[in-house]
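Participant: Could you have a look at this structure, given as structure tokens, before my questions?
Rule-based calculations on the coordinates, nothing more; no lab input. Just so it is clear, the structure is predicted and the values come from calculations on it, not from any experiment. Here Cβ is always computed from backbone atoms with ideal geometry, including for glycine, and neighbour counts include all displayed protein chains.
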Amino acid sequence: AQENVLRRVLQLPVVSSTCESLQRTYASTKEAHPLVASVCHVYERGVQGAGALAARGVRPVVRRLEPQREFAVANELACRGLDHLQERIPALQHPVDK
């Protein structure tokens, strides 16, 4: 199976730990402030709806691009670039708190 650059970026310790930290902060803020929680709930529903609509709109384009060589080449180049970054910036391999 071909590597996926987006999956690789999301699996980097610095990225995944940052996302987890933001999630915890967001959840604790919602718990501590009921008014903020109600605004966030409305926002979350809007984002879910917009995301679903965007996914439906992009799906035909992605299906058309996936089998094409350009998509695979772009992904491969991005993976090579990520390899280079990981070699040059060791901090990417550590959680954000380190």
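Participant: Using Cα atoms only, what is the angle between the long axis of helix 13-32 and the major principal axis of the chain, expressed in degrees (0 to 90) to the nearest 10?
Facilitator: Once rounded, one gets 20 degrees.
Participant: Order these peptides, 77-86, 29-38, by their mean beta-carbon neighbour count within 10 angstrom, highest first.
Facilitator: Values: 77-86: 12.9, 29-38: 11.2.
In decreasing order of mean packing, 77-86, 29-38 become 77-86, 29-38.
Participant: While we're here: To the nearest 10 degrees, how steeply does helix 69-88 sit against the main Cα axis of the chain, on a 0 to 90 scale?
Facilitator: Helix 69-88 sits roughly 70 degrees off the main axis of the chain.
Participant: Turning to a different aspect of this structure: Please identify which residues in the range 4-25 have an amide N closer than 18 Å to a label point set 7 Å out from the Cα of residue 36, following the Cα→Cβ vector.
Facilitator: The answer is 19-25, whose backbone nitrogens lie closer than 18 Å to the label point.
Participant: Say each of residue 62 and residue 4 gets a label point 7 Å from the Cα, pointing the same way as Cα to Cβ; how far apart are those two points in nm?
Facilitator: 0.8 nm
Participant: Once both axes come from the Cα atoms, what is the angle between helix 34-65 and the longest principal axis of the chain, in degrees from 0 to 90, rounded to 10?
Facilitator: 20 degrees
Participant: Using a cut-off of under 16 Å, list every residue of the range 1-29 whose amide N is near the label point 7 Å from the Cα of residue 44 along the Cα-to-beta-carbon line.
Facilitator: Only 20-29 pass the distance filter.
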